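Below you'll find the structure, written out as structure tokens, and then a few comments.
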Amino acid sequence: GENVEQHPSTLSVQEGDSAVIKCTYSDSASNYFPWYKQELGKRPQLIIDIRSNVGEKKDQRIAVTLNKTAKHFSLHITETQPEDSAVYFCAASGGGYQKVTFGIGTKLQVIP
Amino acid sequence: DSGVTQTPKHLITATGQRVTLRCSPRSGDLSVYWYQQSLDQGLQFLIQYYNGEERAKGNILERFSAQQFPDLHSELNLSSLELGDSALYFCASSAGGGAGIQETQYFGPGTRLLVL
């Protein structure tokens, strides 16, 4: 089955700096890669996603890049703000039904 | 608010007991997914239902079972509960659920289960 590795597990950045979270996946059939943000005690919320026919996608301060050959994808957050502090999960899905495999999560702390 | 609802919000029970968690998907969504999130852990996929039928299974214990009803709501049954079953249980839904184009899953607020 699919295996998704995510790093780093924790990340501290100064407010205004950029944050990068990286994930790798194992199943070459995976074709959909969502990123979720989860604040403490709350539901995971989709912040951005990318499909395998696209190499990069941006939404304001958030961008995701995908390298299908290397089987890795990354989340980039620019001009970080304290409200960006949360746990971020990457995920991979595809090759059949809608089973989504999540990474272990990255706890991002933005220091004011 | 994602449109996915879950009840109850909190549940406290004892070891050996059985509980039922309930999920209502977003209006029009046919698929329901169940996930378990233990303390400081990632999201573990348990099971998916699509239009009443089981579609995919993850690391779901034999003590756990689920079903999706004709009105598309779903229930997750946890029996012979153990201390280690204490976790947040999330339900998610998506529009379809068949093979092919992968779809966004929208998560409910979760049910926090504490087994004492």
Please work out which residue is surrounded by the most Cβ atoms within 10 Å (Cβ to Cβ), limiting yourself to segment B:18-38 and to residues that are among the hydrophobic types (A, V, I, L, M, F, W, C) and over 20 Å from A:TRP35 (Cα atoms). B:CYS23
Residue selected from segment B:51-66 under the condition within 14 Å of another protein chain (Cβ to nearest Cβ) and modelled with pLDDT of 90 or more, by the criterion surrounded by the most Cβ atoms within 10 Å (Cβ to Cβ): B:ILE60
Can you find, within segment A:63-72, the residue that is surrounded by the fewest Cβ atoms within 10 Å (Cβ to Cβ) among those that are without any contact (Cβ under 8 Å) to a residue 24 or more places away in the chain and under 14 Å from the mean Cα position of the chain (by Cα)? A:ASN67
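Mind counting the residues in segment A:73-112 that are of a type in the set (D, E, K, R), modelled with pLDDT of 95 or more and under 30 Å from B:LYS57 (Cβ atoms)? I'd like the intermediate steps shown before the answer.
Looking only at segment A:73-112, we keep the residues that are of a type in the set (D, E, K, R), and these are A:79, A:83-84, A:99, A:107.
Imposing the further condition that a residue be modelled with pLDDT of 95 or more reduces the set to A:79, A:83-84, A:107.
Subset that is under 30 Å from B:LYS57 (Cβ atoms): A:107.
Summing the residues that are of a type in the set (D, E, K, R), modelled with pLDDT of 95 or more and under 30 Å from B:LYS57 (Cβ atoms) in segment A:73-112 gives 1.
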Tell me yes or no: at least one residue of segment A:23-41 is open to solvent by 60 Å² or more (accessible area, probe 1.4 Å) and at pLDDT 95 or above. no
So B:PHE69, is it open to solvent by 30 Å² or more (accessible area, probe 1.4 Å), among the aromatic types (Phe, Trp, Tyr) and modelled with pLDDT of 95 or more: yes
For segment A:89-112, enumerate the residues that are in contact with a Phe, Trp or Tyr (Cβ under 8 Å, 6 or more places away or on another chain) and more than 11 Å from every other protein chain (Cβ to nearest Cβ). A:LEU108
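When you look at B:LEU11, is it assigned to a strand (DSSP E or B) and either open to solvent by 10 Å² or more (accessible area, probe 1.4 Å) or in contact with a helix residue (DSSP H, G or I) (Cβ under 8 Å, 6 or more places away or on another chain) (or both), yes or no? If you could, list the steps in order and put the result at the bottom.
Working: assigned to a strand (DSSP E or B): yes; either open to solvent by 10 Å² or more (accessible area, probe 1.4 Å) or in contact with a helix residue (DSSP H, G or I) (Cβ under 8 Å, 6 or more places away or on another chain) (or both): yes.
Spelling it out, B:LEU11 is indeed assigned to a strand (DSSP E or B) and either open to solvent by 10 Å² or more (accessible area, probe 1.4 Å) or in contact with a helix residue (DSSP H, G or I) (Cβ under 8 Å, 6 or more places away or on another chain) (or both).
The values are calculated or read from the model by the stated rules, or taken from the named source; none is laboratory data. All of these numbers come straight from a predicted model, not from anything done at the bench. Every residue, glycine among them, receives a Cβ derived from its backbone with ideal geometry; neighbour counts consider all protein chains shown. Note: areas computed on protein heavy atoms with side chains; ligands, DNA, RNA excluded. Shrake-Rupley method; radii C 1.70, N 1.55, O 1.52, S 1.80 Å.
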